[in-house]
Amino acid sequence: MTTTFPAFDTAHRHDPYPAFALVREATPAHPLQLGDVPVTVFTRYAECAAILASPDWGHGYQAGISPFRDTGALIPGSFVRMDPPDHSRFRSLVNKAFTPRVVAALAPMVERVVDDLLDTALARDEFDVLADLAVPLALTMIGGRVLGVPPEERPALRDWELAIAWGTDPDELLPPDVITARGTAARAAFGYFSRLVAQRRAEPADDLLSALIAVEEAGDRLTEPELVGICLLLLVAGMETSINLVGNGVLALLRHPDQLVLLRERPDLMPAALDEMLRYDLPTQFTIRVALRDTVVAGQRFTRGDGVVVVMAAANRDAAVYPDPDRFDITRYAVPDPARRHLGFSLGIHYCLGAPLARLEAGIAIGALLRRAPNLELAEENLEHLPSLIHRGLRRLPVRARTRTPRANA
Ligand code: HEM
């Protein structure tokens, strides 16, 4: 019996989907040896969705039963790796400062930032959709608006989040230098956010961090280290993912010109197109779970403390759920169908807290890019992906715009 997962091989980094398909078609539950930890990998939609939504599965760190070594799980306030009741407490506190109304009110700011970035990018013959649009947009929104980091201090955030994001893969699959870089970045970010939390407590500003501190003071107590941990979580969960949604999404459009033309003609399809981008080439490819009690999945018995890997990116291409799953079709979600919702933002209690913000940013950025660059084309065919397995994204996405349209309010 094989205990490796071929899709994790670097040979498949540019396109892991055929390797996912081989495993998905062969077996519902694939054994994998992660160092000294035996785990089971799930790639079919039915099992992935069931595990994510089930209270039988969680993380088990507080209960001391997780087989995974995950240093991020030890950070106070980092509720993405917590189980109820701790998870519920943090999630509801952060939600209070992150309501749909607060996010919707950010639209004019995102539009302004995107238009300014495109003014500069489109003045050149060639530009990089990531370095010139997606990265500075995420730095302004997550770094600036959410965390309240002043503009001159934001470049460091990009270095830290990249090092920590690349180090999110299971330790057993990481080279030692990536683990060391992750630790160095996490310590630097921790020190920085400790000072920032103290500053914002003394002098509140118009950012989500100040709102979080106020939530704390209105009742339930968040300690200083918990607030710092939440900053780190928002930085890592919010930056790399939203950058890669823009990059992977624009690449999918450029490689499917009929879909690009359709979206340009029918901007009302943007919400459905974003869902298809999240199904087709997902920024967060997989997550982990631990059995919180004895349970059965796909006829296989799991004992409390057993670890699994849930590959949402593979489930999103399962032909049992999606007709013609390898086709990129921006009308697929034009009529919402709860039975076919993609797993891009996960499911259940850990469903992405930042989904409305990610959709707002990517929808405005991609929409403005298509409007203002009517003949957008790839400037390079050989594109390189980041070395991370969990985070799927490009290093660069160089494009050319042969004609340009001014910003709407120019
Ligand atoms: C396209 C962009 C994004 C994608 C694909 C994405 C994906 C995900 C996924 C898959 C999870 C669940 C992980 C699991 O079940 O183990 C998650 C959780 C989370 N995301 Fe996102 N995310 C995105 C953007 C954002 C943004 C912009 C923010 C913050 C501003 C954010 C904050 C969070 C937080 C705090 C959690 C933890 C929720 C919990 O455990 O209750 N995400 N995200």
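Return the carbon/sulfur percentage of the accessible area of the range 1-53, one whole number, probe 1.4 Å, all protein chains in place.
61 percent
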In the range 94-132, which residues have a backbone nitrogen under 13 Å from the label point lying 7 Å from Arg407's Cα in the Cα-to-Cβ direction? 108-123
So with the 1.4 Å probe, I'd like the accessible area per residue for the range 184-278, rounded to whole Å². 39 Å²
Positive-end residue, the chain charge dipole about Cα centroid, Cβ charges, pick of Gly348, Ala29, Val290: Gly348
Taking only protein heavy atoms and a 1.4 Å probe, the highest-to-lowest accessible-area order of Ile179, Ile243 is Ile179, Ile243
What's the FRET efficiency of Glu153 with Arg255 using the Cβ-Cβ distance as r and R₀ = 51 Å, to the nearest 0.05? 0.90
Most positive-pole-ward Cα, Leu370, Ala134, Phe20, against dipole of the chain from beta carbon charges: Leu370
Considering the dipole of the chain built from charges on the beta carbon (Lys and Arg +1, Asp and Glu -1) around the Cα centre, which of Val228, Ile390, Val41 is farthest to its positive end? Val228
So, with +1 on the Cβ of K and R and -1 on the Cβ of D and E, and no other charges, what is the size of the charge dipole of the range 26-83 about its Cα centre, to the nearest 20 debye? 100 debye
Charged-residue dipole, Cβ positions (Lys, Arg, Asp, Glu), the chain about Cα centre, Debye nearest 20: 560 debye
Student exercise, the range 265-410 dipole from Lys, Arg, Asp, Glu Cβ charges, in Debye to nearest 20: 380 debye
Go through 379-391, 303-315 and give me the packing order, highest mean Cβ count within 10 Å leading. 303-315, 379-391
Based on the mean of other Cβ atoms within 10 Å per residue, sort peptides 347-355, 152-160 so the most packed one is first. 347-355, 152-160
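The values are calculated or read from the model by the stated rules, or taken from the named source; none is laboratory data. Owing to the predicted nature of the structure, the values given are computational and were not obtained by experimental measurement. So basically every Cβ, Gly included, is an ideal-geometry build from the backbone, and we count neighbours across all protein chains shown. Areas reflect the complete protein model, heavy atoms only, side chains present, ligands, DNA and RNA absent. Shrake-Rupley method; radii C 1.70, N 1.55, O 1.52, S 1.80 Å.
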